[in-house]
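See structure below.
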Ligand code: FE2
């Protein structure tokens, strides 16, 4: 095994339409082969063109067996759910929603005063022992997400640890690292990430060399095994989400907003929805 994780895959985000006609850039999506275990999906919602028209959002829909993580850069997402939670995820905020056995929720993006919406939704799998657990929310406003800055590298620590600072989202089965990393022009960064952890970077501003490979916005890269990653910013600097976590190595059966371990569990989710027993107090 090499010291540095090499870039093994360069993923071009694909435009997709989701919800009630929301245009997204999708880098990864749930698949039975589970190539990025424990990560299932990564969507980037960016509506910066008024010509795209009104924002229709994501009307009420269910989730079971996963965690959905909304991290906003600009604009906000109003949300409302079957457990009585309601609120707004604003610029710089994160909502880490552990669906467990089930929630029904609505997610409605809103433009910032400048007219933009920019943010990410990551889906993280749950291991079989937690798929039917009680739903749990961790909502953290921007001022409670710590920022660490050193030698031209600025990191917002959402989950996991950076420079001895631990992020506010805790108790997640995948032991995730979720960092918003900005490198000044020409700055360099070396970061240890446990070998065996699935490691992804989503480059959304600027460009840089990732383990020696030139990567520019907007792209996702997948790293292979190794102990560290190395990033060298280009002349404009680079900004990316670093996403890493330990795989569960369990079979998965994805079906729309549900990801379970067996077909029978998917059928049960559909029966529960039909019978009105999907959400339990
Ligand atoms: Fe959702």
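Derivation of every value follows stated rules applied to the coordinates shown; laboratory data play no part. Nothing here was measured: the structure is a model prediction, and the numbers come from that model. Glycine also receives a Cβ, built like all others from the backbone with ideal geometry; neighbour counts cover every protein chain displayed.
Values as computed for the structure displayed
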item: Computed E for residue 91/residue 275 - FRET, C-beta separation, R0 51 angstrom, nearest 0.05; result: 0.80
item: Computed over the range 1-131: relative contact order in percent, which uses C-alpha pairs under 8 Å that are six or more apart; result: 29
item: Whole-number percent relative contact order across the range 90-191, with pairs defined as alpha carbons under 8 Å at least 6 apart; result: 26
item: Distance between modelled label sites at residue 16 and residue 142, nm, 7 Å Cα→Cβ extension; result: 2.9
item: The chain: relative contact order as a whole-number percent, Cα under 8 Å and 6+ apart; result: 21
item: Projected label distance in nm at residue 166 and residue 61, using a 7 Å step from Cα toward the beta-carbon; result: 3.4
item: Sorted peptide list for 225-237, 266-278, criterion being average Cβ within 10 angstrom, highest first; result: 225-237, 266-278
item: C-alpha long axis of helix 263-275 to longest principal axis of the chain, angle in °; result: 50
item: Potential extension, residue 29-residue 132 segment - 0.36 nm per residue separation minus Cα distance; result: 34.9 nm
item: Mean residue ellipticity (222 nm) of the chain, computed from DSSP H runs ≥ 4 via -39,500 (n - 2.57), nearest 500; result: -1500 deg cm²/dmol
item: Additional length obtainable on full extension of the chain from residue 249 to residue 216, 0.36 nm per residue less Cα span; result: 8.8 nm
item: Computed lengthening from residue 8 to residue 227, 0.36 nm per intervening residue step minus Cα-Cα distance; result: 77.4 nm
